[in-house]
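A short write-up of the structure that comes next.
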Amino acid sequence: MKNKNLWIVTTLSLLACIAHGVMLFTPFNDYTYTSAAKLMLFVATPIIYFALSKDGKFKDMFRVEKGTKAIKYSLLFGLATFVVVLLLFIIIRPWLDGEMIINAMSNVGITRENYIFAAMYYIVVNVALEELFFRGFIFLTLYKMGYRAYAHVFSALLFAIYHVAIMQHGVDTGILLLATGGLVAVGFLFNEITRRCNNVFGSYIVHFSASLAIVIAGFYFL
């Protein structure tokens with residue numbers, strides 16, 4: 001049964017990411033359409049899995065255990081993450097092509113006029129969807145099955161590949177390769193936070209902090 005559920009998780013998560021990635025190469029590559037598709041895919045996929053496998057419940061991903069210190073530490077780590085991401089942006093800013101980044105945002109429907117709305121959606125809803133999907137569903141489900149190494153590696157790699165597909169038109173090859181390695185490392189970090197918290201709230205706090213810093217950096221270019 002565990003092997004069967006392993007393949008169900010792997011297959012469903014891959015299909016969801018592929019479906020979202022395909023949209024990026026169609027006329028529907030607009031932030032509104034891709035966000036709506038992501039919402040449906042990243043919520044429906046775990047619901048379908050739990051319905052098919054009978055392996056736990058959707059709400060288990062949000063359970064908070066009494067007495068845990070992990071989320072408190074996540075708040076402090078989130079603050080540190082926010083500062084570090086902003087400092088990294090300041091360091092690499094001379095190598096970033098501002099015009100390319102603006103054009104990339106424009107190509108998916110993000111403009112100066114709707115940036116605040118898009119940014120709020122990104123740091124609140126988008127981050128929640130990614131943590132629900134990559135950590136709450138993929139990582140925790142596989143980890144609790146006993147496939148601990150696979151849970152860490154598969155979740156981190158899929159998290160990185162998913163983001164590379166989104167940002168490939170906004171940065172040059174060198175930055176893209178650097179970002180890929182960084183995203184894999186971030187995926188492992190978020191997985192470990194999720195493992196310690198045994199839910200998605202700790203990684204959401206840190207992810208939210210990093211995304212807020214990225215939004216501020218994007219505002220600089222606009």
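Bear in mind that the values in this text are calculations on the coordinates, not laboratory data. For clarity, every value in this text was computed on a predicted model and none was experimentally measured. Using ideal geometry, Cβ is built from the backbone for each residue, glycine included, and neighbour counts are taken over all protein chains shown.
Values as computed for the structure displayed
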quantity: Length added when fully stretched, ASN107-THR10, from 0.36 nm per residue minus Cα-Cα; calculated: 31.8 nm
quantity: In degrees, nearest ten, helix 173-197 long axis to first principal axis of the chain (Cα); calculated: 40 degrees
quantity: FRET efficiency for ALA128 and ILE175, using Cβ-Cβ distance with R0 set to 22 Å, rounded to 0.05; calculated: 0.25
quantity: Given 12 as the ceiling on other Cβ atoms within 10 Å, longest exposed-site-free region of the chain for GluC sites (Glu not before Pro) in DSSP loops; calculated: 114-222
quantity: Extension reserve of the VAL22-LYS144 stretch, reckoned as 0.36 nm per residue once the Cα distance is removed; calculated: 40.9 nm
quantity: Efficiency of FRET between ILE116 and ILE48 - r from beta-carbon atoms, R0 22 angstrom, step 0.05; calculated: 0.05
quantity: Under the Karplus curve 6.51 cos²θ - 1.76 cosθ + 1.60, θ = phi - 60°, whole-Hz ³J(HN,Hα) for the stretch 13-18, x wherever Gly or Pro sits; calculated: 5, 5, 4, 4, 5, 5
quantity: The chain: relative contact order in percent, alpha carbon pairs under 8 Å with at least 6 residues between; calculated: 33 percent
quantity: Sparse-neighbourhood loop sites, trypsin sites (Lys or Arg not before Pro) in the stretch 50-117 - DSSP loop, at most 13 other Cβ within 10 angstrom; calculated: LYS54, LYS57, ARG63, LYS66, LYS69, ARG112
quantity: The stretch 1-73: chymotrypsin sites (Phe, Trp or Tyr not before Pro) in DSSP loop, at most 13 other beta carbons within 10 Å; calculated: PHE25, PHE28
quantity: Computed FRET value (nearest 0.05) for ALA165 with VAL83, which takes r as the C-beta separation and R₀ as 22 Å; calculated: 0.15
quantity: The chain - mean residue ellipticity at 222 nm from DSSP helices (-39,500 (n - 2.57) per run, n ≥ 4, rounded to 500); calculated: -24000 deg cm²/dmol
quantity: Bins of 5 Å from zero: percent of alpha-carbon pairs in the stretch 59-221; calculated: 1, 9, 16, 21, 21, 15, 9, 5, 2, 0
quantity: Electrostatic dipole magnitude of the stretch 59-221 [Cβ: Lys, Arg +1; Asp, Glu -1; Cα centre; debye, to 20]; calculated: 800 debye
quantity: Per-residue HN-Hα couplings for the stretch 152-162 [Karplus 6.51, -1.76, 1.60; θ = phi - 60°; Hz; x = Gly/Pro]; calculated: 5, 5, 5, 5, 5, 5, 5, 4, 5, 4, 4
quantity: Top positive-direction residue, dipole computed over the stretch 59-221 with Cβ charges, set THR194, PHE219, VAL85; calculated: THR194
